[in-house]
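Accompanying notes for the structure given below.
The values are calculated or read from the model by the stated rules, or taken from the named source; none is laboratory data. The model shown is predicted, which means the values in this text are computed figures rather than measured ones. Cβ placement follows ideal geometry from the backbone for every residue including glycine, while neighbour counts extend to all protein chains displayed.
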């Protein structure tokens, strides 16, 4: 029969767990808890950080194996995201180019006017001079 592993509030405190997490644990399991699937599920429902417990209490090889497998999945996810993002950008480029081509048809004359200074009739209007 496998050895039963217990975790106590004192053990959590000694590993540096957050005070609120230790208190939640202690209220639920004042004498400690045996590490079981049922208790892990209960801890998750209580909002306790099972991942922190795994990082701090599991043997390193088991934890390392988990993170290595998770990294493979994450790398696969990122590769797929990059492909989708590249496809998205390729589809956006013609729209972007068309949009800015149309914008420049409107903006270029306005910028040209702004850079060349005010028109003569505008200067006269500002001085209060009119042709009347």
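Can you spot a residue in the stretch 113-125 that is assigned to a helix (DSSP H, G or I) and either at pLDDT 95 or above or touching a helix residue (DSSP H, G or I) at 6+ places or on another chain (Cβ under 7 Å) (or both)?
Applying the first criterion (assigned to a helix (DSSP H, G or I)) to the stretch 113-125 yields 113-116, 120-125.
So of that shortlist, the ones also either at pLDDT 95 or above or touching a helix residue (DSSP H, G or I) at 6+ places or on another chain (Cβ under 7 Å) (or both) come out as none.
Scanning the stretch 113-125, I find no residue that is assigned to a helix (DSSP H, G or I) and either at pLDDT 95 or above or touching a helix residue (DSSP H, G or I) at 6+ places or on another chain (Cβ under 7 Å) (or both), so the answer is no.
Restricting the stretch 1-39 to residues that are in contact with a strand residue (DSSP E or B) (Cβ under 9 Å, 6 or more places away or on another chain) and part of a helix (DSSP H, G or I), the residue that is surrounded by the fewest Cβ atoms within 10 Å (Cβ to Cβ) is 39.
Only residues that are touching a residue at least 24 places away in the same chain (Cβ under 8 Å) and not in a helix (DSSP H, G or I) were counted across the stretch 47-98, and they come to 2.
If you check 44, 14 for being touching a helix residue (DSSP H, G or I) at 6+ places or on another chain (Cβ under 7 Å) and at negative phi, only one passes: 44.
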